[in-house]
Amino acid sequence: MTEQSFRTNPLFIDGLPFNIEKTARVSYLLGKSYYKDIVKSRLELVEYTILSYIISTPGLSQSDLSKLLFKGKAHIGKILNDMEDKGYIKRIASSENNILKKITKITPKGKELYDKTHEVFKNLGEKVLEDFSKEEIETFNNLLNKYRTKILDNFEIEF
């Protein structure tokens, strides 16, 4: 297929949504490859992501994590069950507004694995972003958050 045939719909391939998707995909593949080849942790990449959310926002439920990761609740439930079986997390029953829910807490074993993994990913992130100023990174993050919020607020998305 020639470059010209890709240009039949320039509004799509040259547009912001497609560029965001391409960048997100490249970033994900870098993380996945780096994780497999360099980190060599017992944590899966999705488990590392879940632990990051639990550390940054204590008291998250399965439903909360499902929304944050844009994945189905049942899929997150399976991952959480596996993480609990491995001893990385503990789920504790909690009552909020007379509604029973299980909140997820990180165990010492999970925290230790997270810390080792996080140090490696922190170094990767610094290498990737070394040519960007702090202000550029902050602006970029703010714009991505604004873009994502606009989509989620205006369209019904199912995970």
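Bear in mind that the values in this text are calculations on the coordinates, not laboratory data. Bear in mind the structure is a predicted one, so any value in this text is a computation, not a measurement.
Here are some notes:
- On Cα atoms only, tilt of 16-34 relative to the major axis of the chain in degrees: 50 degrees
- The reciprocal of the average 1/r between distinct C-alpha atoms defines the Kirkwood hydrodynamic radius, which for the range 39-119 equals 12.7 Å.
- In the chain, helices alone account for a calculated mean residue ellipticity at 222 nm of -20000 deg cm²/dmol, with every DSSP H run of four or more residues adding -39,500 (n - 2.57).
- Over the chain, the fraction of Cα-Cα pairs per 5 Å bin, rounded to whole percents and listed from the shortest bin up, is 1, 7, 12, 16, 18, 16, 13, 8, 4, 2, 1, 0, 0.
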